[in-house]
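Novice: Once you've had a glance at the structure underneath, I'll fire off some questions.
The values are calculated or read from the model by the stated rules, or taken from the named source; none is laboratory data. Just so it is clear, the model here is predicted, and its values are computed rather than measured. As a convention, Cβ positions derive from the backbone with ideal geometry for all residues, glycine included, and neighbour counts pool all protein chains shown.
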Amino acid sequence: MGKSFSTPKSLSDNYTHYCPGCTHGIAHRLVAQAIDELGIAGRTVGIAPVGCAVLAYNYFTCDFQEAAHGRAPAMATGIKRVRPDLIVFTYQGDGDLASIGMGEIIHAANRGEKFTTIFINNAIYGMTGGQMAPTTMPGQRATTAPAGRDTDQTGMPIRMANLLKELVTPGYITRQALLNPKQINKAKKAIKKAFEYQVEGKCFSFVELISTCPTNWGLTPVDALKWAEDTLLPYYELGDYKVPE
Amino acid sequence: MAYQHIIDSERCKGCGLCVNFCPKKVLEITDKVNAKGHFPVYQARPDDCIHCTICCIMCPDVAISVVETEKVTTD
Amino acid sequence: MAKVLMKGNEAIGEAAIRAGCKNYFAYPITPQSEVAEYLAKRMPEVDGVFLQGESEVAVGYMIFGASACGERVMTTSSSPGVSLMGEAISYISAAQCPAVFVNIMRGGPGLGGILPSQGDYFQATKGGGHGDYHLLVLAPDGVQEAVEMTMKAFGLAEKYRGPVMILGDGLIGQMMEPVEFPDDLMTEPSNKDDWATSGMDTRKSDKRNLVRSLFLDPKELNDNNLALKAKYEQMKKEEVLYEGYNTDTDYKVLIVSYGTMSRVCKTSIDMMKQDGIEVGLLRPKSLFPFPEDAVFKASTKESCQSVISIEMSMGQMVEDVERCVKGQRKVDFYGECGGDIPTPEKIIEIIKGLL
C-alpha cells in the first residue's frame, strides 16, 4: 500500500527563496511535473515575471527568459511566432498579470497565442511587501489599503478567468486552487492539459491558481490556506471557464 | 512493495502544511533548528505512515519524498 | 543591380528582408505605418513573421522575446512609439540581445505633429530608457542610405549583441527615391547557441540558457555594466561613420548636420560656393558613436572661424558638437522643428550672419 514520490527532473535542486508555506513552490512543482510527463523539457522556454517568482528561473532546469513587469505574454508571443516549435509558458503573479500586464494578457489570449500562462492569484503584491493588487478582496488589508480595500475607491477584485473567457477566440481558461491535496491534484491535471493543448498546437491556455501569501496576509501557512478557502474561493469560483472544442 | 519516507530536513522550512494534512498524524515540527534557521518537520510516529504522499503533495519545497525499497516487509 | 523607385518606409521594410530578417513586429503610427503595411504583404511571401502588436510597449517585448530565443528581428515606429519602447530597449541592452529598431522621427514633444523632425536625438543617443546603456545609432540622409544602414544594422546588432537604431525622419519615410539593395550587405546570422533560449534540443545540449537583466548581487550588476561599457568603447573605435562635404576647401564656417537637414545644407553650400563663399559640412552618419575627432579636426581647421549645428529640433546634437570642439571655436545653433524644413535660402541667410 502507498506510492512513491520524487522531485520532478525539471525542477532544479536549488532551495527556493519563497516564504515558508508559500504555495508558489507547489505551483512550480506541478509545472515541472507536467513538463517531465510530456517529455518537452528540451524544447521548453519559461518566462519569469517581475514579482516573487522573478527568480523562478533558478528553480527550473529548462531555458528561461526574464520579462519586464507585466510583459511576459508579449515575450511569449515573440518566441511562439518566430519559433512555433518551442513550448513556451509564462509564470505570472496577480500584480504582474492583472495590473500592469492586463493589456498584454488580454491581447495574447485574444490572438489565441499558443503558449501557456500559469497565473498565481494570491490577492496581494508579494515581493514588494504586501500592497493591494487588482485581486485583493473588499476589506482585505494591504500596506496600500491599511483600512482594508475600499471598493468605492478601487473597484472590485478582478476575476481573470471570468474576464478571459468572454473573449470569443477559442482557448483553455481554467481556475484551480492549491489549498488542499484534492485541489492540488486537480490543478496538476489542469496544468498538464494546458501544456497538452500547446503541444498539440491547439490554442492559448491559461491556468489561474488560487494561492496563499502567509507573510503578507499576516497568517500562519495553515491559517492562510483556511482564509483563502473561506474568503477567496467563494469569489473566485473554481472550474473550467472555457475549453476548446 | 515497501516504501520509505524521506524528509530533507535542510530543505524543509517548517511551514507545517504536511503536519496539518497528514491523515495519520505522523509528522511534527522538531525543536532542532536547521542551517537555514527553520525548524523542520520529522516523523514523530513513523510506523503509522501509510506512504500516501499527501505530505509530498502539500509540501511547497519538495522536501519530502517516498521511495520504493526492494526488501519486502512481512506486514 | 537595378534601381527601383520606392517610398522610404517600404524600402526599409524590403531592406530587412534582403538582410535576412524574417521577423517583424510593429504598431501603426504616422509617418511610418507603410513599413507595416508593406511587410504585412511581403513577409508571408518569404515565409516570414509579421505581427501587429497591441501597443508599442508590447511590440518592444515581442522583439525581446524573439531576439532572446535567437532569431533576427526588427520593428519600426515613430517618436511617441519609440518612447513606449524605451524600457524594452533598456532591457534588451542589459540582457545583450541583438535587435533592430527604426525610428522615423515626427514632431514632438507630446503628440507633437506628424511632419519630419530630429527631436529624438537625445532619446536615441543619450538613452530613452533607464540605466547606463547605448543604442548604436545610424542616421541616413535619404532612402538609399536608409536601406544600406538597415541592412547593415542586423550584422552590427549581432556583432555587439545589442539594439541598433536607424534614426530617420518622416521625410525619409514618406519620400520616394530610386534605390538598390546591395546583396553584399546581407550577413549570415551569428551562432547564438551559447546564450539564446533556442531550446536545449535545438542546441543538442543539456546546458540550459537564461536571458535576463536582473542582477541583485552588486558585483554581478557592476560586471554586467562593465561588459556593456566595453562594447560601447569598441563601437567608438570601430563604428564611427561620417561624411565631409566641401571640407577640402578653406571654409570659413563649418556646419554640423545630419539626416534630411544635412541635404538641405549641402544645397546651400553649393549655392554659396557660386558666390565664392566656402562653407564646409561635417555630417555624422553614426550618432552613437559620435564622430568626435572628426568634428574637432574639421572645426579647428585654420580657415574655419566658427561652427554651427543645424538641426530640425531646438538644439540637441549641438551639445555634442560643443563638447567635441572643446572651446576652440564659437559654436552656434540654428533649428526649426514645427515640421517645416528650413530652406537652403534660410540656411544661407543664417550662415551669412556668421561671416
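Novice: Yes or no: A:I79 surrounded by 24 or more Cβ atoms within 10 Å (Cβ to Cβ), modelled with pLDDT of 95 or more and on the phi < 0 side of the Ramachandran plot?
Specialist: Taking the combined requirement at face value, the residue satisfies it.
Novice: A further question follows. Considering each residue of the stretch A:83-92, count those that are out of contact with any Lys or Arg (no Cβ under 6 Å at 6 or more places or on another chain) and within 8 Å of chain C (Cβ to nearest Cβ), and give that number.
Specialist: Residues flagged as out of contact with any Lys or Arg (no Cβ under 6 Å at 6 or more places or on another chain) and within 8 Å of chain C (Cβ to nearest Cβ) within the stretch A:83-92 amount to 2.
Novice: Being assigned to a helix (DSSP H, G or I), buried (at least 22 other Cβ atoms within 10 Å of the Cβ), touching a helix residue (DSSP H, G or I) at 6+ places or on another chain (Cβ under 7 Å) and within 14 Å of chain A (Cβ to nearest Cβ), is that true of even one residue in the stretch C:50-57?
Specialist: yes
Novice: Name the one entry in C:D293, C:D275 that is of a type outside the set (V, I, T) and either within 30 Å of C:K152 (Cβ to Cβ) or touching a Phe, Trp or Tyr at 6+ places or on another chain (Cβ under 6 Å) (or both).
Specialist: C:D293
Novice: Collect the residues in the stretch B:17-67 that are in contact with a strand residue (DSSP E or B) (Cβ under 8 Å, 6 or more places away or on another chain) and at positive phi, keeping them in residue-number order.
Specialist: Of everything in the stretch B:17-67, those that are in contact with a strand residue (DSSP E or B) (Cβ under 8 Å, 6 or more places away or on another chain) and at positive phi turn out to be B:H51, B:T53, B:V62.
Residue-by-condition table, conditions (1) within 11 Å of chain A (Cβ to nearest Cβ); (2) in contact (Cβ under 8 Å) with a residue 60 or more places away in the chain; (3) farther than 16 Å from A:Y15 by Cβ; (4) surrounded by fewer than 14 Cβ atoms within 10 Å (Cβ to Cβ):
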| residue | (1), (2), (3), (4) |
| --- | --- |
| B:I7 | no, no, no, no |
| B:K25 | no, no, yes, yes |
| B:A63 | yes, no, no, no |
| B:E68 | yes, yes, yes, yes |
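Novice: Being outside any loop (DSSP other than H, G, I, E, B) and either away from chain A (no Cβ under 11 Å) or at pLDDT below 95 (or both), is that true of even one residue in the stretch B:30-37?
Specialist: No - not one qualifying residue is present in the stretch B:30-37.
Novice: Condition first: within 11 Å of A:A48 (Cα to Cα) and either touching an Asp or Glu at 6+ places or on another chain (Cβ under 7 Å) or within 7 Å of chain C (Cβ to nearest Cβ) (or both). Can you find one or more residues in the stretch A:93-100 that meet it?
Specialist: no
Novice: Collect the residues in the stretch A:1-17 that are among the polar types (S, T, N, Q), surrounded by fewer than 22 Cβ atoms within 10 Å (Cβ to Cβ) and either in contact with an Asp or Glu (Cβ under 6 Å, 6 or more places away or on another chain) or more than 7 Å from every other protein chain (Cβ to nearest Cβ) (or both), keeping them in residue-number order.
Specialist: Within the stretch A:1-17, A:S4, A:S12, A:N14 meet the criteria.
Novice: Sticking with this one: When you go through (1) under 25 Å from A:A68 (Cβ atoms); (2) surrounded by fewer than 24 Cβ atoms within 10 Å (Cβ to Cβ) one by one for C:G155, which number turns out not to apply?
Specialist: Here C:G155 meets the rest and fails (1).
Novice: What do you reckon, is C:G327 under 23 Å from the mean Cα position of the chain (by Cα) and part of a loop (DSSP other than H, G, I, E, B)?
Specialist: Answer is no for this residue.
Novice: When you go through A:I40, A:I87, A:I47, A:I106 one by one, which is the residue that is under 13 Å from the mean Cα position of the chain (by Cα) and of a type in the set (A, V, I, L, M, F, W, C)?
Specialist: Criteria check complete, one pass: A:I47.
Novice: For the stretch A:144-155, state whether one or more residues are farther than 19 Å from A:A228 by Cβ and in contact with a helix residue (DSSP H, G or I) (Cβ under 8 Å, 6 or more places away or on another chain).
Specialist: No - not one qualifying residue is present in the stretch A:144-155.
Novice: Sort through A:K80, A:K114 and tell me the only one that's within 10 Å of chain C (Cβ to nearest Cβ), among the basic types (K, R) and outside any strand (DSSP E or B).
Specialist: Step by step, each of A:K80, A:K114 is checked, and only A:K80 is within 10 Å of chain C (Cβ to nearest Cβ), among the basic types (K, R) and outside any strand (DSSP E or B).
Novice: With the structure loaded, tell me whether C:G110 is out of contact with any strand residue (DSSP E or B) (no Cβ under 9 Å at 6 or more places or on another chain), in the same structural domain as C:G20 (by TED's automatic domain parsing) and not in a helix (DSSP H, G or I) or whether it fails that test.
Specialist: The answer is yes for C:G110.
Novice: Using the structure shown, decide if C:A124 is modelled with pLDDT of 95 or more, under 24 Å from C:E292 (Cβ atoms) and buried (at least 24 other Cβ atoms within 10 Å of the Cβ). Please lay out each step first, then the result.
Specialist: On the way: modelled with pLDDT of 95 or more: yes; under 24 Å from C:E292 (Cβ atoms): yes; buried (at least 24 other Cβ atoms within 10 Å of the Cβ): yes.
Taking the combined requirement at face value, the residue satisfies it.
Novice: If I ask for residues that are within 18 Å of A:V31 (Cα to Cα), within 7 Å of chain C (Cβ to nearest Cβ) and without any contact (Cβ under 8 Å) to a residue 60 or more places away in the chain, which ones from the stretch A:53-77 would you list?
Specialist: Of everything in the stretch A:53-77, those that are within 18 Å of A:V31 (Cα to Cα), within 7 Å of chain C (Cβ to nearest Cβ) and without any contact (Cβ under 8 Å) to a residue 60 or more places away in the chain turn out to be A:Y57, A:T61, A:C62, A:D63, A:F64, A:Q65, A:E66, A:A76.
Novice: Check C:G70 against each of (1) at the interface with chain A (Cβ under 9 Å from one of its Cβ atoms); (2) at negative phi and name the one condition it does not meet.
Specialist: Status for C:G70: all satisfied but (2).
Novice: To continue, here is another question. Restricting attention to the stretch B:42-54, report how many residues are more than 7 Å from chain A (Cβ to nearest Cβ) and either closer than 20 Å to A:V31 by Cβ or assigned to a loop (DSSP other than H, G, I, E, B) (or both).
Specialist: Of the stretch B:42-54, the ones more than 7 Å from chain A (Cβ to nearest Cβ) are B:42-49.
Now drop any that are not either closer than 20 Å to A:V31 by Cβ or assigned to a loop (DSSP other than H, G, I, E, B) (or both), which leaves B:44-45, B:49.
Total satisfying the criteria: 3.
Novice: Same structure, new question: Which is among the acidic types (D, E) and touching a Lys or Arg at 6+ places or on another chain (Cβ under 7 Å), of C:E87, C:E56, C:E71?
Specialist: C:E71
Novice: Out of everything in the stretch A:126-149 that is touching a Pro at 6+ places or on another chain (Cβ under 8 Å) and either assigned to a helix (DSSP H, G or I) or not β-branched (V, I, T) (or both), what residue ends up being nearest to A:N110 (Cα to Cα)?
Specialist: A:P134
Novice: Hey, another quick one. Quick one: is A:V50 more than 12 Å from chain B (Cβ to nearest Cβ) and under 24 Å from A:E196 (Cβ atoms)?
Specialist: For A:V50, the condition - more than 12 Å from chain B (Cβ to nearest Cβ) and under 24 Å from A:E196 (Cβ atoms) - is not met.
Novice: Counting just the residues of the stretch C:160-193 that are more than 14 Å from chain A (Cβ to nearest Cβ), among the charged types (D, E, K, R) and not in a strand (DSSP E or B), which one comes out nearest to C:A99 (Cα to Cα)?
Specialist: Step by step, filter the stretch C:160-193, then rank; the result is C:R161.
Novice: Return the pair list, or none, for Cβ contacts closer than 7 Å from residues in the stretch A:18-39 that are more than 9 Å from A:P8 (Cα to Cα) and within 13 Å of chain B (Cβ to nearest Cβ) to residues that are charged (D, E, K, R) and assigned to a loop (DSSP other than H, G, I, E, B), at least 6 apart or on different chains.
Specialist: Hits for this filter: A:P20/B:K13; A:G25/B:D61.
Novice: Quick check on the stretch A:153-185: of everything there that is without any contact (Cβ under 8 Å) to a residue 60 or more places away in the chain and under 23 Å from B:V19 (Cβ atoms), which residue is surrounded by the most Cβ atoms within 10 Å (Cβ to Cβ)?
Specialist: Filtering the stretch A:153-185 for residues that are without any contact (Cβ under 8 Å) to a residue 60 or more places away in the chain and under 23 Å from B:V19 (Cβ atoms), the one surrounded by the most Cβ atoms within 10 Å (Cβ to Cβ) comes out as A:Q183.
Novice: Considering only the stretch C:18-28, I want to know if a residue exists there that is touching a strand residue (DSSP E or B) at 6+ places or on another chain (Cβ under 6 Å) and part of a loop (DSSP other than H, G, I, E, B).
Specialist: Looking through the stretch C:18-28, at least one residue is touching a strand residue (DSSP E or B) at 6+ places or on another chain (Cβ under 6 Å) and part of a loop (DSSP other than H, G, I, E, B).
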